[in-house]
Every structure is written in structure tokens, then in C-alpha cells.
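The values are calculated or read from the model by the stated rules, or taken from the named source; none is laboratory data. Keep in mind the model is a prediction, meaning the values are calculated, not measured. No Cβ is skipped: glycine too gets one built from the backbone with ideal geometry, and neighbour counts run over all protein chains shown. Just the protein is used for accessible areas: all its heavy atoms, side chains included, with ligands, DNA and RNA removed. Shrake-Rupley method; radii C 1.70, N 1.55, O 1.52, S 1.80 Å.
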Amino acid sequence: MQDLKDFYKNKKVLVTGHTGFKGSWLTIWLKRLGAEVVGIALDPLTDRDLFLLARLSDKIIDYREDIRNLDKIQEILTHEKPEIVFHLAAQALVLPSYQNPVSTFETNIIGTVNILEACRHTPSVKQIVIVTTDKVYENRETMTGYKETDPLGGYDPYSASKAAAEIIAQSYRLSFTQSPILPINQSISTARAGNVIGGGDWSQYRLVPDCIRSLETNEPIIIRNPCAVRPWQHVLEPLGGYLLLALRMSEDSFKYSGAWNFGPEEKDIKSVKDVVDLLISLWGSGGWETNNKDRKSHEAGLLMLNICKSKDVLGWKPVLDFKETVQWTVEWYKDYKECNVYQLCVDQIERYMNKWNSKS
């Protein structure tokens, strides 16, 4: 972790999607490492979003702009001259992608093109991490985790748009950063994370936020598919991977550019029922019931990631087991109303970094 502090201190880092759940946590971590953070995103969706509760607009350079507007994005990058770019801005949910497929494709595909194109014309940018998802794979629902070399797919519009973003990132990498014809001094990687949970997520159609809303109002939790199996992980796990990845890319652009999986150990891949039961137990009250009669769109029943490449080549590994992942999440939601939310997040980041160091 000292390497991260040394690398990010005084660096100017651009985070797209910084008003979102993962983007807010990444912004707080970067600030803790001493970075100067520039954010590009749309407005937060609710008054309880982590970005607002942690008062992040007072701590960073905060731009509210749509990533589909290339001219504005280029203008911001030209003015701010970031050195590292983490691209998290996206339409990030499966179910809304069925309702608004055109907007999903525009944001996740054209938006990614715009970020890469703006970076290409910004010489200060050296490392670019494009965040996608575990759902980029052609999911045959097998009992083995998908490796970075497995075929891409995408049943629903969200998954397809993220798989397309992977192909676009590869095209920019091969055409420009690793091209003998049109070379630029940048490196591009993509990061495929599992199902991320943690404090501060209030998104619709996500398991933990739905659970918390029900628990706070003493209503039964409604779940669609209790047997669905996913690679659940605390939000700090993939974010630590992204931060380490950009550092490694600075050391060897060719070796560390490419696609990377960030997920839990195989023993910690659990069902929806496992998550909800443990969450209720740690909360101290509540119950759940199944209602899938309104489920009209396809949802995968099984999805697993192979993280051997990230462990063996990058030197990253999960820090929290399944119980700790849910426990840290519940702790945040129990505490956030009574404390300084920014400090609450910093405290969890410090605990995480201490555990990371102890496992190194």
C-alpha cells in the first residue's frame, strides 16, 4: 500500500462517474492517497448518494457533464491535463437497459469512445483504466470462472454495451498505444469486476440497496431469484485492483495493458439467498420473500470469474471474505446517519489497507 501512496501523491487523476457509488468511493480513496481528483459525471440520483453525504464537491474539481458530448469532454481534459484516467461513468444496471436500450448503448459505447478519443489528444494522460463488468462474457452459466481470454458476449443491452466497450478499448490500445504506425505514449486496460456491494449504494434494482430500504422501513425484502449465484465483493476490492493496475501500467505499459478480472475467491462466490440471510442476521431483524412473477427479462442464474491472472501477474488478491464483505456493508448502513460520512469511508479504507498490508 505504501507503493500506492508514493505513486498517487500529487498526481492529477480524472474519475468519470465520480458521483456514482463506486466513483465516490474511488474519489475518497484517491484523496486519501494524496491525489488531486477531477470528476466528470451527471448529478447524483438521490439526496442520500454517497457523493452528497461525503460532501465530495468541496474536496475535488467537480464537472457535471455528459460523456456523450465529445467537445465538452475534450475541453475539460485539455484544460485539466490529468495524468491518470479511471473511466467509470456508465448506465450500470441490467433492468433499465431493457427499458432504455438506446440510451444505454449511447452512454456505454459512444461515451467510452469519447473518453478514449479525448485522452488520445491529451498528452498528459499516461494510464487509462476502462471499468466494465463481469457480464461482458458470453455466459454459458458453467461452474468454472471466466478468464480474460474467454469469448465476449452480452445477452441484455447493458452486458452487450459493456462487451462492446471492451472491444473498443482493445482497438484503441492496438491502433494507438501499441502501434508502430500511430504510437502515443499511453497505456489502456479494462477492469472486469464482479457484483460490488458496500455502504453508500442507493441504486434501484440492486440487491443490497433494496434490502436496506426494506430493513429501514421494517418491510419484508422482496427478491426475484434467491438461487442466483454471483461473485459478490466489497467495493474496496475492485477499487484496490484498479489503483494497483494503473501503478503497474506506469512500470511496464506493454505487460500490464489489457483485460483484468477482479472478483472474490471461489469459496466466497455465493447465492442471493446467502447474501440476504447473512445481511438480515447482521442487521438483527427482518425477513424476505420471493416474488418473481414480474420478472419478464432474462437474468443469468450463475456467473463466476477466474481471477488467477490478477493474482499471479498483477499481484492483487481479495482481502475480505464473504462474511467480512457483508459485515462491513451492514456496519456502514447502520452508522452513516450518526457520523461524518467522509470519515466513515476513510476509516473503512484505512482498515482495508491495513488488512491488505497484513496479507501481502
Most fluctuating residue given options Cys308, Cys227, Cys345, as computed from a GNM of the chain linking Cα atoms under 10 Å:
Cys227
Ranked packing of 157-168, 275-286, most packed first, by mean Cβ within 10 Å:
157-168, 275-286
proj_area_mean for region 170-268 (convex hull on C-alpha atoms), units nm², value 8.7 nm²
To the nearest 10 degrees, how steeply does helix 341-359 sit against the main Cα axis of the chain, on a 0 to 90 scale?
80 degrees
Could you work out the equivalent-ellipsoid semi-axes for region 103-171, taking the square root of 5 times each eigenvalue of the Cα gyration tensor, largest first, in whole Å?
25, 14, 7
For region 166-215 and region 309-329, distance of Cα centres in Å
17 Å
Percent relative contact order for the chain, counting Cα pairs under 8 Å at least six residues apart, stands at 18 percent
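Compute the whole-percent fraction of alpha carbon pairs in the chain spaced more than 30 Å apart.
Here the long-distance tail beyond 30 Å is 32 percent of all Cα pairs in the chain.
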Taking N as the number of residues in region 217-293, what is its alpha-carbon radius of gyration divided by 2.2 N^0.38 Å?
1.56
More than 27 Å apart - percent of Cα-Cα pairs taken over region 42-174
27 percent
Along region 166-171, Karplus-curve 3J(HN,Hα) (6.51, -1.76, 1.60; θ = phi - 60°) to the nearest Hz, with x for Gly and Pro, reads 4, 5, 5, 4, 5, 4
Roughly what would the spin-label model give for Asn354 and Asn185, points 7 Å off Cα along C-beta, in nm?
4.1 nm
So the compactness index of region 116-243, its C-alpha Rg divided by 2.2 N^0.38 Å, takes the value 1.30
Principal-axis tilt of helix 272-283 within the chain, Cα atoms, nearest 10 degrees
70 degrees
Lysine pair count for region 21-142 [Cα-Cα under 24 Å; pairs on different chains or 8 or more apart]
15
So how tilted is helix 70-80 from the main axis of the chain? Cα-based, degrees 0 to 90, rounded to 10.
70 degrees
Region 139-201 - percent of accessible surface contributed by carbon and sulfur, probe 1.4 Å:
57 percent
May I have the count of lysine pairs in region 198-297 with C-alpha atoms under 24 Å apart, counting pairs 8 or more residues apart or located on different chains?
4
Percent antiparallel among DSSP beta bridges with both residues in the chain, to the nearest 5?
10 percent
Give me the three principal axis extents of region 207-360 from the C-alpha atoms, as integers in angstrom, largest value leading.
51, 40, 23
If you split all Cα-Cα distances of region 1-80 into 10 Å bins from zero, what percentages do you get per bin, shortest first?
19, 49, 28, 4
Computed label-point distance, nm, for sites Trp283 and Thr46 using a 7 Å Cα→Cβ extension:
1.2 nm
Out of residues 5 or more away from Ala259 or on other chains, whose amide H comes under 5 Å of its own, with H placed 1.01 Å from N in the peptide plane?
Thr190
